[in-house]
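The values are calculated or read from the model by the stated rules, or taken from the named source; none is laboratory data. Remember, it's a predicted structure, so these values are computed and weren't measured experimentally. When we count neighbours, we look across all protein chains shown, and the Cβ atoms used for this are built from the backbone with ideal geometry, even at glycine. Just the protein is used for accessible areas: all its heavy atoms, side chains included, with ligands, DNA and RNA removed. Shrake-Rupley method; radii C 1.70, N 1.55, O 1.52, S 1.80 Å.
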Amino acid sequence: MENKVTAPVDDAIFKKVVSHAKEYGFVFPSSEIYDGLQAVYDYGQNGVELKNNLKQAWWKAMVQLNDNIVGVDAAIFMHPTTWKASGHVDGFNDPMIDNKDSKKRYRADVLVEERSAALAAAGQKDKGDALEKELARLLEANDLKGVYDLIVREKITCPISGTANWTEVRQFNLMFSTQVGSVADEANTIYLRPETAQGIFVNYLNVQKTGRMKVPFGIAQIGKAFRNEIVARQFTFRMREFEQMEMQFFIQPGSEMKWYDEWKEKRLRWHKAIGLPAEKLRYKPHEKLAHYANAAVDIEFQFPFGFKEIEGIHSRTDFDLGNHEKFSKKKLQYFDPELNKNYVPYVVETSVGADRTFLALLCNAYTEEVTGEGEDRKERVYLKLHPALAPVKAAILPITKKDGLPEKALKIFNDLKMDMNVVYEEKDSIGKRYSRQDVIGTPFCIAVDHQSLEDDTVTIRHRDTTLQERVKIEELRLKIRKEVSFRTILEKI
Ligand code: GAP
């Protein structure tokens, strides 16, 4: 019997999250009027706010909270030798396989992993685990024929054609290339960076010298990265253009395991602090180490389609700086006054995807709630986002369009907008307006009513409980500012 390559997926929920993201201005398919571009997405009016807040939460936690970490913003284009030195030209490959009938291309390792997940779902977890171990061993040995044999032995078929008519397994380099200048020859070929890390490595001495940094110190960066992913699925989980938030921590050789453990823990605390629940997060040590690492672990989040990587913590030794020294013929050594000697620092890296963490936040925040029964039954959908990350912090809503309420509400709006992203709305019933804010995750709705004219108070409606409290207008700004402050995240790290 042939095996279907399907993994357990909470499809219904995930579909709802994806359509919610589009319907409420979080994420759109790129160039949608031309039917989109596969694995490329645009962030809409609410998505960009959420993503910017997420990036700020990372930047503040890494750069602002640590006096030995500074930031850079390196160019996407880099000298092509960078990618020779980093090992990406020769080693940044995925094993791919084509189905001859459907002409569809797959990642050979993903086909086997999905088979393993399907086995686990069918109560044969041990068999699935053994399969993954075998795959890891074959990949480690670069035994592509062995991977092909495994796919055939497991009778894995193409989900489109249903056949097992496969080509051999080949390596496929994931870097996008383009030409600089007007002449399109080999010498002018450059790559779109597949990771932001190399922009940090090549600037390590510039920053160390100009910033008078002392080991241990870190350099952080947020920026775009590009990979010609073969399997482009699961919405913004695997994109061809995406954003990374990376930090390279430069340390004394031999101290890497201490720093590796420390960053591993710190980074998990950050994910919890931004609102991802502990039970949906876990570590997964790498079975197969990347070409640059001597220890590596993923932080995985439980998406509706299973536990998947959102961040990698890698001990990269002196692989990158050592190779850049070799290829550039420039000394990249650090004089350590403590040890009274020169060395190439070792590096522990933390590398988290902004888009994947965004997707984790969205999946986690999406909440369907039913209250009451019979006539009183009410359904509502809201996004339970951390207030510091929510796209809009507060909506200012006069309960009617007359009697001077809009003027009073606009005064509050004009004051609050100096501090945070707020909206003003007077159209439709107050209930409808609350719902519109719920679906984008606005933590506070401020209703201005007739009592407001008399005693300068308003009601604040809390998104998650829908409970309302009456507060003085003069206290409003401080109260909301406290709740939406990044301090509420940073204090937990
Ligand atoms: N500098 C190390 C590095 O790039 P990685 O594990 O290949 O390591 C780090 O990538 C993070 O970047 C991943 O954990 C993931 O969050 C994000 N990422 C990688 N490829 C991605 C893709 N195609 N789409 C979205 N995010 C991606």
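Do we have A21 as closer than 18 Å to S351 by Cβ and either β-branched (V, I, T) or outside any strand (DSSP E or B) (or both) here?
no
So which residues in the stretch 43-80 are open to solvent by less than 20 Å² (accessible area, probe 1.4 Å) and without any contact (Cβ under 8 Å) to a residue 24 or more places away in the chain?
Of everything in the stretch 43-80, just one residue is open to solvent by less than 20 Å² (accessible area, probe 1.4 Å) and without any contact (Cβ under 8 Å) to a residue 24 or more places away in the chain, namely G44.
If I go through the stretch 233-272 residue by residue, how many of them are near the ligand (Cβ under 9 Å from one of its atoms) and of a type in the set (D, E)? Steps first, answer last, please.
Residues of the stretch 233-272 that are near the ligand (Cβ under 9 Å from one of its atoms), as a first pass: 236-246, 248.
Filter once more, keeping what is of a type in the set (D, E): 241, 243, 246.
Matching residues across the stretch 233-272 total 3.
Grab the strands (runs of 3 or more DSSP E) fully contained in the stretch 188-287, keeping just those with 2 or more residues being open to solvent by less than 20 Å² (accessible area, probe 1.4 Å) and modelled with pLDDT of 95 or more.
The strands (runs of 3 or more DSSP E) meeting that bar are 217-226, 241-251.
Cβ-Cβ below 6 Å, separation at least six or inter-chain, first residue in the stretch 236-260 and within 30 Å of F14 (Cα to Cα) and acidic (D, E), second away from the ligand (no atom under 14 Å from the Cβ) and outside any loop (DSSP other than H, G, I, E, B): which pairs?
Sorted first by the residue in the stretch 236-260, then by its partner, the list stays empty.
Anything in the stretch 24-49 that is within 16 Å of the ligand (Cβ to nearest atom) and assigned to a helix (DSSP H, G or I)? List them, or say none.
G47
Go through the stretch 300-317 and count every residue that is among the aliphatic types (A, V, I, L, M) and farther than 12 Å from P285 by Cα.
Residues meeting the conditions: 1.
Quick one: which residue in E426, E483 is open to solvent by 20 Å² or more (accessible area, probe 1.4 Å) and in a loop (DSSP other than H, G, I, E, B)?
Testing whether each residue is open to solvent by 20 Å² or more (accessible area, probe 1.4 Å) and in a loop (DSSP other than H, G, I, E, B) leaves just E426.
Just checking, which of D415, D428, D419 is within 26 Å of V17 (Cα to Cα), among the acidic types (D, E) and modelled with pLDDT of 95 or more?
Only one candidate passes the filter, namely D428.
Scan the stretch 315-341 residue by residue and report those that are assigned to a strand (DSSP E or B), open to solvent by 20 Å² or more (accessible area, probe 1.4 Å) and within 16 Å of the ligand (Cβ to nearest atom).
T317
Please indicate, with yes or no, whether at least one residue in the stretch 81-102 is surrounded by 18 or more Cβ atoms within 10 Å (Cβ to Cβ), in a strand (DSSP E or B) and of a type in the set (A, V, I, L, M).
Yes, some residue in the stretch 81-102 is surrounded by 18 or more Cβ atoms within 10 Å (Cβ to Cβ), in a strand (DSSP E or B) and of a type in the set (A, V, I, L, M).
To keep it simple, each residue is scored yes or no on (1) open to solvent by 30 Å² or more (accessible area, probe 1.4 Å); (2) over 30 Å from L268 (Cα atoms); (3) among the hydrophobic types (A, V, I, L, M, F, W, C).
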residue: A354; (1), (2), (3): no, no, yes
residue: N364; (1), (2), (3): no, no, no
residue: T371; (1), (2), (3): yes, yes, no
residue: E375; (1), (2), (3): yes, yes, no
residue: K378; (1), (2), (3): yes, yes, no
residue: L383; (1), (2), (3): no, no, yes
residue: P391; (1), (2), (3): no, no, no
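In this structure, does V348 turn out to be open to solvent by 10 Å² or more (accessible area, probe 1.4 Å) and hydrophobic (A, V, I, L, M, F, W, C)?
no
Being of a type in the set (A, V, I, L, M, F, W, C), closer than 26 Å to W270 by Cβ, touching a residue at least 60 places away in the same chain (Cβ under 8 Å) and assigned to a loop (DSSP other than H, G, I, E, B) is the requirement here; does I493 meet it?
In short, yes.
Going residue by residue through the stretch 390-401, is there one that turns out to be at pLDDT 95 or above and farther than 22 Å from K472 by Cα?
Yes, some residue in the stretch 390-401 is at pLDDT 95 or above and farther than 22 Å from K472 by Cα.
For R193, work out the one condition from (1) under 30 Å from V40 (Cα atoms); (2) among the basic types (K, R); (3) more than 12 Å from the ligand (Cβ to nearest atom) it doesn't fulfil.
Result: R193 passes all but (3).
In the stretch 431-457, how many are open to solvent by 20 Å² or more (accessible area, probe 1.4 Å) and in a helix (DSSP H, G or I)?
Within the stretch 431-457, residues that are open to solvent by 20 Å² or more (accessible area, probe 1.4 Å) and in a helix (DSSP H, G or I) number 10.
Looking only at the stretch 8-42, which residues are in contact (Cβ under 8 Å) with a residue 40 or more places away in the chain, open to solvent by 50 Å² or more (accessible area, probe 1.4 Å) and under 30 Å from S116 (Cβ atoms)?
P8, V9, D10, D11, I13, K16, Q38, Y41
Among the residues of the stretch 369-398, write down those that are in contact (Cβ under 8 Å) with a residue 40 or more places away in the chain and of a type outside the set (A, V, I, L, M).
Hits for the stretch 369-398 are R380, Y382, K384, H386, P387, P391, K393, P398.
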